[in-house]
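Structure, as structure tokens:
The values are calculated or read from the model by the stated rules, or taken from the named source; none is laboratory data. Since the structure is predicted, the reported quantities are computational estimates derived from the model, not experimental observations. So basically every Cβ, Gly included, is an ideal-geometry build from the backbone, and we count neighbours across all protein chains shown.
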Amino acid sequence: MKIFTVILLVLFSPLITDAIPIAKNVTSNHRLNKVSPLDSGNTPASMTINSFEKGGDGGSPSECDGQYHSNNFLIVALSSRWYNKGQRCFDYINIYYNGNSARAMVVDECDSNRGCRDNIVDASYAVWVALQVSQSDWGQTAITWTDA
């Protein structure tokens, strides 16, 4: 029986590993997804880091609901043209970075009046963790994204 158990563990350990969340402090049911080279149709963008919490660098409450949000959630603010006057509020997008993907909810606008360029996905800390971006690269990085 012990040999059978060991064989099962060896055969199914990749499945067990995939079920474990990648970040202990990220409160989400998100799991890291490995993706093949980026599909055509993805929108190229620059991902920046943002705090959506009160007192954070995001400033005011989110445009979609007038609330602050925890940085432990997979959330983003999109450039004005992508935010489209709130049309994407509470919709999800898939973000792709270096063979990984994360699904995040749109909660805010990264407004050009506040210095945000036209190609920005402004992401919470949880998104950076979920995409496994090295902390030495946190701040701004090239990504692509699609509507989920």
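As a summary of the residue check, C64 satisfies the conditions (1) modelled with pLDDT under 95; (2) under 18 Å from I120 (Cα atoms); (3) over 17 Å from the mean Cα position of the chain (by Cα) except for the one numbered (1).
Set side by side, the residues V133, V76 differ, and just one is at negative phi, touching a strand residue (DSSP E or B) at 6+ places or on another chain (Cβ under 9 Å), in a loop (DSSP other than H, G, I, E, B) and among the β-branched types (V, I, T), which is V133. Within region 96-130, the set of residues being under 16 Å from G86 (Cβ atoms) and of a type in the set (A, V, I, L, M, F, W, C) comprises M105, V106, V107, C110, C116. Restricting attention to region 90-100, the residues that are of a type in the set (D, E) and buried (at least 21 other Cβ atoms within 10 Å of the Cβ) add up to 0. From the list W128, W145, W138, the lone residue that is surrounded by fewer than 17 Cβ atoms within 10 Å (Cβ to Cβ), aromatic (F, W, Y) and either touching a residue at least 40 places away in the same chain (Cβ under 8 Å) or closer than 17 Å to S46 by Cβ (or both) is W138.
Residues of region 61-89 that are farther than 23 Å from T144 by Cβ, of a type in the set (G, A, S) and crowded, with 18+ Cβ neighbours inside 10 Å: S62 alone.
Residue-by-condition table, conditions (1) in a loop (DSSP other than H, G, I, E, B); (2) of a type in the set (K, R); (3) within 20 Å of W128 (Cβ to Cβ); (4) at pLDDT 85 or above:
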residue	(1), (2), (3), (4)
S13	no, no, no, no
I22	yes, no, yes, no
S60	yes, no, no, yes
N71	yes, no, yes, yes
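Residue count for region 101-119 satisfying the condition of being over 10 Å from the mean Cα position of the chain (by Cα) and surrounded by fewer than 19 Cβ atoms within 10 Å (Cβ to Cβ): 8.
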